[in-house]
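Trainee: Dropping a structure here in structure tokens format, bear with me for questions.
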């Protein structure tokens, strides 16, 4: 036991490992906070289909969290029905909801091949085209 205390190399390694664990804990806290924020916005979007103000705020929140923590985009893509919620927002009558839904789509589809493929398979291009034609 005394040999371990006298070994400065071992103490340095131990301090480095502790620092690494603390850094990983900080990342985990940040990701956990982002996923909680993302989940709240998604729940608001799902549960308030007829409240344009809440939908608008939820879309803004999703866009913010996707820009700050891009990993959350993958979380959104893999959730069943999430993209359909976003595409449904493009059919809303409120222009600010449509604008925020389009901004979310732009953020989501940028550099995300899985999202692009899902967007095409869910007839996203047709929905986006219809949205553009409605506001010509």
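Trainee: What is the number of the single condition among (1) closer than 23 Å to residue 127 by Cα; (2) touching a residue at least 12 places away in the same chain (Cβ under 8 Å) that residue 50 does not meet?
Mentor: For residue 50, the exception is condition (2).
Trainee: Looking at 15, 57 in this structure, which one is crowded, with 16+ Cβ neighbours inside 10 Å and without any contact (Cβ under 8 Å) to a residue 24 or more places away in the chain? Let's see the steps before the verdict.
Mentor: Details: 15 fails: crowded, with 16+ Cβ neighbours inside 10 Å.
After applying the criteria, what remains is 57.
Trainee: Those residues that are at pLDDT 90 or above and closer than 20 Å to residue 131 by Cα, I need them from region 38-56; list them, please.
Mentor: Selection gives 45, 51, 52, 53, 55, 56.
Trainee: Now, a different point. Of all the helices (runs of 4 or more DSSP H) wholly in region 51-136, which have at least 2 residues that are within 11 Å of the chain's Cα centre (by Cα) and under 19 Å from residue 34 (Cα atoms)?
Mentor: Values: elements: 52-68, 71-78, 82-89, 95-109, 113-121, 124-134.
Those helices (runs of 4 or more DSSP H) span 52-68, 71-78, 95-109.
Trainee: Run residue 108 past the list (1) modelled with pLDDT of 90 or more; (2) over 24 Å from residue 30 (Cα atoms); (3) touching a helix residue (DSSP H, G or I) at 6+ places or on another chain (Cβ under 9 Å) and report the number of the one that doesn't hold.
Mentor: With respect to (1) modelled with pLDDT of 90 or more; (2) over 24 Å from residue 30 (Cα atoms); (3) touching a helix residue (DSSP H, G or I) at 6+ places or on another chain (Cβ under 9 Å), residue 108 is out only on (2).
Trainee: Another question, then. All but one of (1) over 18 Å from the mean Cα position of the chain (by Cα); (2) under 25 Å from residue 131 (Cβ atoms); (3) free of Cβ contacts under 8 Å to residues at least 12 places away in the same chain hold for residue 10; state the number of the condition that does not hold.
Mentor: Unmet for residue 10, out of (1) over 18 Å from the mean Cα position of the chain (by Cα); (2) under 25 Å from residue 131 (Cβ atoms); (3) free of Cβ contacts under 8 Å to residues at least 12 places away in the same chain: (2).
Trainee: Here's another thing I want to ask about it. Can you name the condition, by its number, that residue 67 falls short on among (1) at pLDDT 90 or above; (2) farther than 24 Å from residue 123 by Cα; (3) crowded, with 19+ Cβ neighbours inside 10 Å?
Mentor: If we test residue 67 against (1) at pLDDT 90 or above; (2) farther than 24 Å from residue 123 by Cα; (3) crowded, with 19+ Cβ neighbours inside 10 Å, just (3) comes out false.
The values are calculated or read from the model by the stated rules, or taken from the named source; none is laboratory data. Everything numeric here is computed off the predicted structure, so don't read it as measured data. In this analysis, Cβ positions are derived from the backbone assuming ideal geometry, glycine residues included, and neighbour counts consider all displayed protein chains.
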